[in-house]
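No lab work stands behind these numbers, since they all come straight from the coordinates. Nothing here was measured: the structure is a model prediction, and the numbers come from that model. Note that each Cβ is placed from the backbone with ideal geometry, even for glycine, and that neighbours are counted across all protein chains shown.
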Amino acid sequence: MIKLKKNYIIGTRSSNLALKQCQLVKEKLQNKFPEVEFEIKEISTAGDRERDKKFSEINGEGIFVREIELALLAGEIDLAVHSFKDLPTELPEDLEVAAVIDRANRHDVLAGAEKKLAELPEGARLGTGSLRRKSQLLAYRSDLEIVPIRGNIETRLKKIKTQNLDGVILAAAGLERLGLQDQITEYLSTEICLPAARQGAVAVEIRKESTELKKILKEAEAQTTALEVWAEHAFLKEMKAGCHAPLAAEAVIEDQKLTLTAAAGELDGSRIIRRKVSTNDLNLNSVQKLGRKLAREIKAAGGAEILASLQNN
Ligand SMILES: NCc1[nH]cc(CCC(=O)O)c1CC(=O)O
């Protein structure tokens, strides 16, 4: 029998997507543990306040999470809900991701466009701030003009008009969670645009010392999904490149087998290194080992060179 504290405070960014995801976690926990109270507290982050600057100008790594982690460490909140994709692979010493609660569609989409990707006119202008998306889109069609854009999902959709774009590339997850499915022109196949590691997954971060909370979260976890996500995470972590590098990873469990595909791309799309591995051993240790193995393979096949060239830019 777990002895439970009466109430926990969940911290989140204040974007619409973050709030939606937070609500989802709250509802899941509340259903499982009706006697416990979960309260939501909004926290503004540097990533939200300085959304018009480039990632590089505000030291991009973890901009959406730093302030939330400080609140967690200070005990102002007990849980933090994040898009797992936005979390750095190295967390502060005293914090951990205790559970992956949910995962929406992990594909990238072309949004707000009049035609599908293959049918867009020569030289079409597509908005994305992601090096991973840019690299893969250019590998598929080198004539495209990739326009760097930032901001939350609603802002990026507005930029189609204001920046005269033919469309934007976004995560399906964000649009679906916000009820903006009608903006989706095409779900991009993973052959063309392999998603980011952990895309669409919602992670809950806590203080390592919160052992009761950890038990609660483990009970609410989506276990098969979590294995997929941790395999992708292990790949990304072993690449030691941060979450804004042109790296992609997707793990899928099917017929008792986990298959992990990952890629590293040159920014101009001139080269994509892509490999696939799988295992029947569906436990956390084995799938993480698989992720690390795939990272070493991709680094050896030219991925290391690609990442090194990024640092010189
Ligand atoms: N980097 C911003 C970000 N962080 C999480 C999402 C969407 C939800 C997700 O991918 O989990 C997005 C927007 C996007 O990539 O289109």
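So how much slack lies between I192 and K161, counting 0.36 nm per residue of separation and subtracting their Cα-Cα distance, in nm?
On the way: separation 31, 0.36 × 31 = 11.16 nm, distance 2.55 nm.
Full-extension gain reported as 8.6 nm.
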> Antiparallel DSSP bridges in the chain: what percent, to the nearest 5?
Replying inline: 75 percent
> If you project the alpha carbons of the chain onto their three principal axes, what span does each projection cover, largest first, in Å?
Replying inline: 62, 44, 38
> Pairing the Cα long axis of helix 131-140 with the longest principal axis of the chain, what angle in degrees results, from 0 to 90 and rounded to the nearest 10?
Replying inline: 40 degrees
> Taking 0.36 nm per residue of separation and subtracting the Cα-Cα distance, what length does fully extending L282 through Q23 add?
Replying inline: 90.2 nm
> Can you run phi through the Karplus equation (6.51, -1.76, 1.60; θ = phi - 60°) for segment 250-257 and list ³J(HN,Hα) in whole Hz, with x for Gly and Pro?
Replying inline: 9, 10, 10, 9, 8, 6, 6, 9
> Can you give the helix-only mean residue ellipticity at 222 nm for the chain, where every DSSP H stretch with n ≥ 4 adds -39500 (n - 2.57) and the sum goes over all residues, rounded to the nearest 500 deg cm²/dmol?
Replying inline: -10000 deg cm²/dmol
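Against the globular-protein guess of 2.2 N^0.38 Å, express the Cα radius of gyration of segment 223-313 as a ratio, rounded to two decimals. Show your work: numbers first, answer last.
On the way: Rg = 13.0 Å, N = 91, 2.2 N^0.38 = 12.2 Å.
The value comes to 1.07.
Distance check, please: which entries in K28/K134; K6/K237; K257/K299; K28/K289; K116/K158; K237/K276 exceed 28 angstrom between their Cα atoms?
Values: K28/K134 36 Å; K6/K237 36 Å; K257/K299 24 Å; K28/K289 30 Å; K116/K158 19 Å; K237/K276 17 Å.
Over 28 Å apart, Cα to Cα: K28/K134; K6/K237; K28/K289.
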> Among D108, D143, D166, which one shows the biggest mean-square fluctuation in a GNM of the chain, springs joining Cα atoms closer than 10 Å?
Replying inline: D143
>> Quick check on packing: order 291-297, 246-252 by the mean number of other C-beta atoms within 10 Å, highest mean leading.
In response: 246-252, 291-297
>> Between helix 223-239 and the chain, what is the angle of the helix's C-alpha long axis to the longest principal axis, kept within 0 to 90° and rounded to the nearest 10?
In response: 60 degrees
> Could you give the nm distance between label points at E96 and K257, where each point is 7 Å from its Cα heading toward the beta carbon?
Replying inline: 3.2 nm
> What net charge do the residues around L24 carry, taking every other residue with its C-beta under 10 Å from that of L24, with Lys and Arg at +1 and Asp and Glu at -1?
Replying inline: +2
> With each label point set 7 Å from Cα along the Cα-Cβ vector, what nm distance links N16 and T224?
Replying inline: 3.2 nm
> Roughly speaking, what is the centre-to-centre gap between segment 260-274 and segment 188-247 when only Cα atoms are used, to the nearest Å?
Replying inline: 21 Å
> Extension gain K32-S309, at 0.36 nm per residue separation less the Cα-Cα distance, in nm?
Replying inline: 94.9 nm
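May I ask for the net charge around L72, where only other residues with Cβ less than 12 Å from the Cβ of L72 are counted and Lys, Arg are +1 while Asp, Glu are -1?
Details: positive: K41, R66, R207, K208; negative: E67, E69, E76, D78, D94, E96, E205, E209.
Overall, the nearby charge balance is -4.
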>> Run the simple label-point estimate for K41 and L73 please: 7 Å along Cα→C-beta, distance reported in nm.
In response: 1.6 nm
> For segment 197-212, in order, what is each residue's ³J(HN,Hα) by Karplus, 6.51 cos²θ - 1.76 cosθ + 1.60 with θ = phi - 60°, in whole Hz (x at glycine and Pro)?
Replying inline: 3, 6, 4, x, 8, 9, 10, 10, 9, 9, 6, 4, 6, 7, 5, 5
> When DSSP assigns beta bridges and you keep just the ones with both residues in segment 108-187, what percent turn out antiparallel, to the nearest 5?
Replying inline: 60 percent
